[in-house]
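Each value in this text was obtained by applying a stated rule to the coordinates, not by laboratory testing. Just so it is clear, the structure is predicted and the values come from calculations on it, not from any experiment. In this analysis, Cβ positions are derived from the backbone assuming ideal geometry, glycine residues included, and neighbour counts consider all displayed protein chains.
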Amino acid sequence: MKTVSESSALKRLSDVRDKLRTLVAAGYEHRAKSCIACDTPGACCLDEHFVNVRISRLEAVAIGNVIGGLPSGKQAEIVTKIDDAIEKYGLVDTNGDPTKTFACPLYEKGTGCLVHTEAKPMPCIQHACYENAADLPPDELLDDAEVAVDKLNRGTYRSPQPFLPIPLAIKRFGMRG
């Protein structure tokens, strides 16, 4: 397998994310309730019994880059939220446990997802409030995107990379320096 630089892989990751976003927006989002019209904004992101999003190392690096571009006080606040989530939800030893859930430390009431534009995780892109199961985007859209990201991870880091809960992945791979 050809080695891919991390910066090149991050650009390709952005392309994969943009493609998924376009497919979901064009084919499915019109059937979902708008986040703007939601009676409980952020409830799906902050529901510690619901959120179990796993991301790759490369996605964690992309998120870390966004966090790294924020003012230092905001960075410190997010790092604290990440550390608190790891401890509160027992995420340290969850490498293989897809049942562990948590509240997302990247969601801020009044603002929304702090990485929405630049590094929103792919499962979050696909998620929306659909009233009918038949209106949901097919799992294959996310599966295909995650396969493409797995290939980028392998090409960049030269070994399989686990998909980890958002807080743990950011702590391990996204926070530099």
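In straight Cα distance, which lysines are under 21 Å from Lys151, not counting same-chain residues fewer than 8 positions off?
Counting by Cα, and skipping residues close in sequence, Lys151 has these lysines nearby: Lys2, Lys11, Lys19, Lys120.
Based solely on its DSSP helices, what 222 nm [θ] is calculated for the chain when runs of n ≥ 4 H residues each add -39,500 (n - 2.57) and the sum is averaged over all residues, nearest 500 deg cm²/dmol?
-15000 deg cm²/dmol
Would you mind calculating the relative contact order of the chain from Cα pairs under 8 angstrom and at least 6 residues apart, reporting the percent as a whole number? Please list the in-between numbers first.
Numbers: 222 pairs, mean separation 76.3, N = 177.
For the chain, the relative contact order is 43 percent.
Collect residues whose amide H, placed 1.01 Å from N in the peptide plane, falls under 5 Å from the amide H of Ile55; neighbours closer than 5 in sequence don't count.
Sorted by chain and number, the residues that satisfy this are Leu164, Ile166.
Under 14 Å from the Cβ of Leu136, count the other residues' Cβ atoms, weight Lys and Arg +1, Asp and Glu -1, and hand me the total.
With Lys, Arg at +1 and Asp, Glu at -1, the neighbours total -4.
Tell me the GluC sites (Glu not before Pro) within region 1-81 that lie in a loop according to DSSP and have at most 13 other beta-carbon atoms within 10 Å.
Of the GluC sites (Glu not before Pro), the ones in loops of region 1-81 whose Cβ has at most 13 other Cβ atoms within 10 Å are Glu48.
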